[in-house]
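Inspection log for the structure reproduced underneath, given as C-alpha cells.
The values are calculated or read from the model by the stated rules, or taken from the named source; none is laboratory data. Note that the coordinates shown come from a computational prediction; the quantities given were computed from them, not determined experimentally. Cβ placement follows ideal geometry from the backbone for every residue including glycine, while neighbour counts extend to all protein chains displayed. These accessible areas exclude ligands, DNA and RNA; they are computed on the full protein's heavy atoms, side chains included. Shrake-Rupley method; radii C 1.70, N 1.55, O 1.52, S 1.80 Å.
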Amino acid sequence: MPDNHKQFKRPPKKYEPRGLSILFEDRDIIAVDKADGLLTMGNERESIRTAHNNLMEYVTKGNHKSPHRVFIVHRLDRETSGVLVFAKSSEAKTFLQGNWSDFNKTYYAVVHGHLPDEEGIISSYLVEQGVHKMYTATNPEQKKQGKLSKTLYKVLQKNDTHSLVELNILTGRKHQIRVHLADKGCPVVGDKKYGNDGKGEKGVKRLALHAAKLAIKHPYSKKDIVLEARMPKYFKTLVSE
C-alpha cells in the first residue's frame with residue numbers, strides 16, 4: 001500500500017481555516033487547535049461559521065465540486081478551545097470512533113476556589129436534562145437513567161481564589177468536566193451554564209477549559225500519535241499570585 005504521509009501535500013496558505021491552527025495533517029486525518037467561541041459543527045442557529053465548515057473549505061480549496069471531505073469524529077463545546085480531530089474518509093472516521101474510548105484525553109481548566117484534595121477521581125452518574133444541559137443523579141431512580149462518568153484530576157497551581165487543574169476524562173460524556181467540577185463547588189471560570197451565571201466574574205474573558213492533549217492510534221499506520229495544543233496564556237494569569 002502507498003505511504004499516505006509521503007504523498008500528502010498541504011493546500012496553499014490562503015486557504016488556511018479561520019479560527020483553527022493546524023497541528024497535524026496527512027491524507028487520513030487532520031488535527032487542529034480550535035479557538036474558543038467556534039462551534040465544532042452546525043446547529044439550528046449557525047451552520048456556516050463552524051470548525052467543520054471551515055475545514056471543508058480548506059480541503060476543497062473553495063471548490064464545492066471537489067471530492068475531498070472531512071468527517072466529524074468528536075466534538076468540543078463551543079466555549080472550549082483545544083485539540084479537535086477530523087477524519088478525511090469514512091473508514092478513518094469509523095476506526096477513530098470505534099477506538100475512541102481507548103484514547104487518552106487531557107484537559108486544563110481554571111476553577112473557582114480549591115478542590116478538597118490535590119488529586120483524585122470524581123465519579124457520578126450523569127443524566128441529560130433537555131438537549132443542552134447535564135446534571136448528576138442523586139437518587140437510585142435517576143442513576144438508572146444516567147451514565148457512569150469518571151474524571152481524573154490533579155491540581156497544578158493555585159492562588160487565593162483560583163486553581164489550575166489538569167484533567168483526564170476516563171469516560172466521554174457531554175459537559176462531563178464542567179458538571180463534575182461544579183459538583184465539587186469549583187465551577188470552571190466563565191461557565192455560565194454550570195457556574196454562577198457570570199455574577200462576580202468581572203473581567204472574565206472566556207470559559208477557562210482547554211483540550212490540551214489527545215493521544216490516538218493513527219487509522220492508517222496504526223502508530224501512536226500525541227497531538228498537543230498549548231495552554232492559553234490567559235489561564236496562567238488567573239492563577240498568578
query = For the pair residue 161 and residue 97, what calculated FRET efficiency results from E = 1/(1 + (r/R0)^6), where r is the Cβ-Cβ distance and R0 = 35 Å, to the nearest 0.05?
reply = 0.35
ask   = Which stretch or stretches of segment 139-166 have amide N atoms under 15 Å from the point lying 7 Å from residue 183's Cα along the Cα→Cβ direction?
value = 139-153
query = To the nearest 0.05, how large is the calculated FRET efficiency for residue 35 and residue 141 if R₀ is 30 Å and r is the Cβ-Cβ distance?
reply = 0.15
ask   = Roughly speaking, what is the centre-to-centre gap between segment 44-73 and segment 97-134 when only Cα atoms are used, to the nearest Å?
value = 29 Å
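At a Förster distance of 22 Å, what's the computed FRET efficiency of residue 78 paired with residue 129, Cβ-Cβ distance as r, to 0.05?
Values: r = 18 Å, r/R0 = 0.84.
Plugging the Cβ-Cβ distance into 1/(1 + (r/R0)^6) gives 0.75.
Using Cα-Cα distances under 8 Å and only pairs 6 or more residues apart, what relative contact order does the chain have, in percent?
Details: 492 pairs, mean separation 45.5, N = 241.
Taking the mean separation of contacting Cα pairs over the length of the chain, I get 19 percent.
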task = Starting from the Cα-Cα distance between residue 117 and residue 223, subtract it from 0.36 nm times their residue separation and give me the gain in nm to one decimal.
result = 34.6 nm
With all protein chains modelled, accessible area of residue 239 [1.4 Å, Å²] = 0 Å²
request  = Rounding to the nearest 20 debye, state how big the charge dipole of the chain is about its Cα centre with +1 on each Lys and Arg Cβ and -1 on each Asp and Glu Cβ.
outcome  = 760 debye
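Quick check: net charge around residue 87, other residues with Cβ under 14 Å of its Cβ, Lys/Arg +1 and Asp/Glu -1? Don't jump to the answer; show the numbers that get you there.
Numbers: positive: 27, 69, 75, 88, 93, 217; negative: 25, 26, 28, 91.
Local charge sum for residue 87: +2.
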key: Solvent-accessible ranking of 71, 235, largest area first, probe 1.4 Å   = 71, 235
query = Among 60, 80, 50, whose mean-square fluctuation peaks in a Gaussian network model of the chain (Cα, cutoff 10 Å)?
reply = 60
key: From the C-alpha gyration tensor of the chain, square roots of 5λ in Å   = 32, 20, 18
query = Leaving out ligands, DNA and RNA, what percent of the accessible area of the chain is carbon and sulfur, probe 1.4 Å?
reply = 48 percent
ask   = Got a number for the accessible area of residue 77? Probe 1.4 Å, square angstrom, nearest 10.
value = 40 Å²
query = Taking only protein heavy atoms and a 1.4 Å probe, what accessible area per residue, in Å², does the chain have with all protein chains in place?
reply = 56 Å²
request  = Ignoring everything but the protein chains, give the 1.4 Å probe accessible area of residue 134 in square angstrom, nearest 10.
outcome  = 20 Å²
